[in-house]
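Below: the structure, in structure tokens.
Derivation of every value follows stated rules applied to the coordinates shown; laboratory data play no part. Small disclaimer: the values here were computed from a predicted structure and weren't measured. Here the Cβ is made from the backbone with ideal geometry for all residues, glycine too, and neighbour counts use every protein chain on show.
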Amino acid sequence: MGNLYIPDLFDEYDRCWQEYNQGGEENLVRAFELSQLSALPDKQEKLFIPRFRDIANFTQLPNIHLLSKFEQIKGSTLTNEEKNILKERLTYAYVWLSKYAPDEYRYQISIKSFNEIDLTEAQWRFLNDLTPIWQNASDPEKLQSEIFQLAKKLNIDLKDAFRSLYISVLDKQHGPRAGWLLKKFPKEVVIDRLRRSYRKIQSESGKRKARISCVA
């Protein structure tokens, strides 16, 4: 089972590094100094440090250009040193994702056929009705709220609603907030999975009608 020890350690290291650069809290500065294997780096008060956790997340997104994303976060062009930090951490992020990351940090779009997915009729209908909502979504928090409202409207348990989304899109029983999926994956990729729910509903409806005809 994976863990978050490495991202947490990077966060703590960065906190000490920032204190070192800014002449801050003495214990954190000393911790940073003792962690260096070679000469202490120059103090740079305005140094932008790309967060390891964000690198690991963004590098899994097919529609994200990593350098551009971190320049957007910083608000300006990365310096050569900042680019080197990003490059070095990207190497470690690949290792962590492949060997040590928890499953929830390794999300990929499911390639399962919907015939292989076992959901209730209510869950299929929830996915079908979710399609236009996802199509028009742009704000992650608003999307989350609209999913709550849809589940209430269809009288489906909220856990079952989200479970159907995670199973159909990620092939997992659990997952992140829907807004995270909206930001992580291209909209058309998720919508393609959701739209198939309509064909599944039509297929199941046809089977029921056929059974009724046979009985009659």
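With all pairs of separate Cα atoms included, segment 5-104 yields a Kirkwood hydrodynamic radius of 14.5 Å. A 28 angstrom limit on the alpha carbon distance is what I want to check against. Which of Lys43/Lys184; Lys69/Lys187; Lys142/Lys184; Lys153/Lys187; Lys69/Lys153; Lys69/Lys159 exceed it? Going by Cα-Cα distance, Lys43/Lys184; Lys69/Lys153; Lys69/Lys159 fall outside the 28 Å limit. The simple spin-label model puts a point 7 Å past each Cα toward its Cβ; for Thr79 and Ser38 those points are separated by 1.7 nm. Estimated from the Cβ-Cβ distance and a Förster radius of 41 angstrom, the FRET efficiency linking His65 and Glu116 is about 0.75.
Semi-axis lengths, largest first, of the ellipsoid equivalent to the chain are 46, 16, 15 Å, with √(5λ) applied to each eigenvalue of the Cα gyration tensor. Segment 1-59: D in µm²/s via Stokes-Einstein (Kirkwood Rh, Cα pairs, 10 °C, 1.306 mPa s)? Here the translational diffusion coefficient equals 128 µm²/s. The calculated FRET efficiency for the pair Tyr92 and Asp139, based on their C-beta separation and a Förster distance of 30 Å, comes to about 0.40.
Taking a sphere under 11 Å around the Cβ of Pro41 and counting the other residues whose Cβ falls inside, with K and R at +1 and D and E at -1, yields a net charge of -2. In terms of other Cβ atoms within 10 Å, Val95, Val169 run from fewest to most in the order Val95, Val169.
Would you please state the base-10 log of I(q)/I(0) at q = 0.20, 0.24 1/Å for segment 133-172, with intensities from the Debye formula using one equal scatterer on every alpha carbon? At q = 0.20, 0.24 Å⁻¹ the computed log10 ratios are -0.63, -0.86.
Taking label positions 7 Å along the Cα-Cβ direction at both Asn27 and Asn155, the computed distance is 5.8 nm, reported to one decimal.
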